[in-house]
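For reference, the structure is listed below as structure tokens.
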2 protein chains.
Amino acid sequence: MIIDRLIGKIIETENPSVIGLDTCVDYLPEDMQAKCNTLEDAGKYIFEFNKNLIDALKDIIPAVKVQVAYYEMYGVEGMKAFRDTLSYAGENGIVTIADVKRNDIGSTAGAYSKAYLSGVTLGGKKITPFESDFITVNGYLGSDGVLPFVNDCKENEKGIFALVKTSNPTSGELQDKRFESGKTLYEEMGTLVTKWGEELVGKYGYSSVGAVVGATHKEQAEVIRKAFPSTFFLIPGYGAQGGKAEDLKVCFDNGLGGIVNSSRGILTAYKKAYKGLSYVDGAVKAAEDMRRDLIGAVGVYKK
Amino acid sequence: MIIDRLIGKIIETENPSVIGLDTCVDYLPEDMQAKCNTLEDAGKYIFEFNKNLIDALKDIIPAVKVQVAYYEMYGVEGMKAFRDTLSYAGENGIVTIADVKRNDIGSTAGAYSKAYLSGVTLGGKKITPFESDFITVNGYLGSDGVLPFVNDCKENEKGIFALVKTSNPTSGELQDKRFESGKTLYEEMGTLVTKWGEELVGKYGYSSVGAVVGATHKEQAEVIRKAFPSTFFLIPGYGAQGGKAEDLKVCFDNGLGGIVNSSRGILTAYKKAYKGLSYVDGAVKAAEDMRRDLIGAVGVYKK
């Protein structure tokens, strides 16, 4: 099961973190930026940047998260860089999370799922154009918009993370509102996520159907952790968005329970914390700092 | 304002319908299907199919809705067909709705918005890679995930439709649940949508920030119509999903108030209702039937 592969990598690297490749032209070094005059250039240099980071980070991180918005923004040429980044990370043994937050009615969700998890058949051959180990999904439409993804997870050893409590400042506007049942929207979503993932619980006790739970909302993370012990968390919001390692303790047990994302903090370390270093060296330093910071707070897995 | 352009086209064509170009290889005629052996072939023939439909339908329909999932499924090559379909429809004076249901935290929503509504600047030139008049968005993350789109609507004469009450069978699982406030989730979402669109109300009294309200849930549509009179509806679920014109009366007033989508019913008319006709002639017949059916129920605009 893919969740076991992800957790296995976390244990092996002693690192519960994922690097977010939210790469846009502004994050590139100035000499690369200067060469980005067309969408094609942008796609080319973004992929080159990602490739160099993957080469340098592949032995110290378990996973990368690739945020599709930053590739869609550069059109078809950006989507090429997105596809090639996912492939290159996969070929290098890194678990890939395509952060796409896709959602739609069942038949259309099935089409999205083909793009990332299961593939289309053409000329007698199955092709998965943006093959990913995990994708993120948004469950606002309810079960029939998510089950096509879940079914493809079962058949293709894949996983999803569904939005439960997001890291942005206004996530509470709807997600924290309490229903007549006494439960909040994020709790009701968490209940659905657990149900969707029931048949996909692996050997560490976590399901390949996980939840996105922001590092910036400690109180809610604690509620979700207690209510849904088999749900693995994808945790955005650490670093640039203000989430602290200490606040994440509530999400973990014996060093497991979630994977914490940092994007800007790693990609642009060479412009900030590690000014003077190359972008690759800056990213490695920042990734090592993040690893130490996280395991200092949440510990590492002991058999 | 883009909502006025859309409503102007609806009045001009006396047709409150939008054709959904959810084109996948299975919908193509057999001779075209047989030529689809690679992703590149699929993209090529899907665009050819769409182009022929746009040529035939451009004077009788106000808008097309292009569902990106069916293009993502064919990878980068599918995204080319998506881009070219949007461009071709736009060049032919048809209002374009990119049905992408995008959603993320503010900074990332801003990147999505650049892809569809506002563009990136490279080499001193602004390029909007998948330029659309409207896109659909999912507001589960709350205001700060939607406002980047709304701001770009203001600056670029664009519009959005946010999911309020979706057409799928299980949409009620979360959307119909009632909060302690007495309001359902779809009503709270509707309240936000109205707020986001306050400054974008055009001359017909409707805002460029509209709502997706399924044709399959009449009772909820009626509640939403009454509560949010300035919200224009994008109405999926007619035809193949079971929604009836008669049930849509509640959404309209003086022939205005929403635009009703049909995808499969039009694209595959030549395989079903109009077996024997070419796909183009079948689609035209089905689009004319739909127009008559809709205006028979909801009427046409009278000054």
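Observations
- Cα-based Rg of chain A normalised by 2.2 N^0.38 Å, two decimals: 0.96
- Kirkwood-based shape ratio for segment B:156-280, expressed as Rg/Rh from alpha carbons: 1.03
- Listed residues B:Val18, A:Pro29, B:Leu248: farthest to the positive end of the dipole of the protein assembly as shown (Cβ charges): B:Leu248
- Mean separation of Cα contacts under 8 Å (6+ apart) over length of chain A, as relative contact order %: 18 percent
- Cα-Cα separations in segment B:207-283 greater than 19 Å, expressed as whole percent: 41 percent
- Ellipticity estimate at 222 nm from DSSP helix runs (n ≥ 4, -39,500 (n - 2.57)) divided over chain B, nearest 500: -13000 deg cm²/dmol
- Magnitude of the charge dipole, chain B, Cβ model with Lys/Arg +1 and Asp/Glu -1, debye to 20: 380 debye
- The calculated FRET efficiency for the pair B:Asn37 and A:Asn52, based on their C-beta separation and a Förster distance of 30 Å, comes to about 0.30.
- Interface residues of segment A:105-140, defined as those losing at least 50 Å² of solvent-accessible heavy-atom surface relative to the isolated chain (probe radius 1.4 Å), are listed as A:Ile105, A:Ala111, A:Tyr112, A:Leu122, A:Tyr140.
- Summing +1 for each Lys or Arg and -1 for each Asp or Glu among the other residues whose beta-carbon sits under 11 angstrom from that of B:Leu147 gives 0.
- Computed over chain B with a Gaussian network model linking Cα atoms closer than 10 Å, the most mobile of B:Cys251, B:Cys153, B:Cys36 is B:Cys36.
- Size of charge dipole - segment B:159-303 - debye, nearest 20, with Cβ of Lys, Arg +1 and Asp, Glu -1, no other charges: 440 debye
- Binned Cα-Cα distances of the protein assembly as shown, short to long, each 20 Å bin given as a whole percent: 21, 55, 22, 1
- Filter on B:Lys65/B:Lys114; A:Lys101/A:Lys203; A:Lys226/A:Lys272; B:Lys44/B:Lys275; B:Lys226/B:Lys275 - keep pairs with C-alpha separation over 30 Å: A:Lys226/A:Lys272; B:Lys226/B:Lys275
- Summed residue charge, Cβ within 10 Å of B:Asn254's Cβ, Lys/Arg positive, Asp/Glu negative: +1
- The GNM of chain A, with springs linking C-alpha atoms under 10 angstrom apart, assigns the highest mean-square fluctuation among A:Glu219, A:Glu199, A:Glu173 to A:Glu173.
- Sites A:Leu277 and B:Lys126, calculated FRET efficiency, Cβ-Cβ separation with R0 35 Å, nearest 0.05: 0.60
- Radius ratio Rg over Rh of segment A:1-116, counting only Cα atoms, Kirkwood formula for Rh: 1.01
- For B:Glu157, the point set 7 Å out from Cα toward Cβ sits 5.3 nm from its twins in the other copies, listed from shortest up.
- If only the Cβ of Lys and Arg carry +1 and only the Cβ of Asp and Glu carry -1, the dipole of the protein assembly as shown around its Cα centre is close to 440 debye.
- Sorted shortest first, the distances from the B:Asp31 label point to those of the same residue in the other copies are 5.6 nm; each point sits 7 Å from Cα along Cα-to-Cβ.
- Furthest towards positive pole of dipole, B:Phe233, A:Ser278, B:Thr136, structure part the protein assembly as shown, Cβ charges: B:Phe233
- B:Asn92 label point (Cα plus 7 Å toward Cβ) to equivalent points in the other copies: 4.4 nm, shortest first.
- Between segment A:102-121 and segment B:91-168, the alpha-carbon center distance in angstrom: 21 Å
- Share, in percent, of DSSP beta bridges within chain A that are antiparallel, nearest 5: 15 percent
- Highest-fluctuation residue, B:Ser278, B:Ser263, B:Ser181 considered, GNM on chain B with Cα pairs under 10 Å: B:Ser181
The values are calculated or read from the model by the stated rules, or taken from the named source; none is laboratory data. Given the structure is predicted, the values throughout are model-derived calculations rather than measurements. FYI the Cβ positions are ideal-geometry reconstructions off the backbone, even for glycines, and counts take in every protein chain you see. For accessibility, only protein heavy atoms count, side chains too; no ligands or nucleic acids. Shrake-Rupley method; radii C 1.70, N 1.55, O 1.52, S 1.80 Å.
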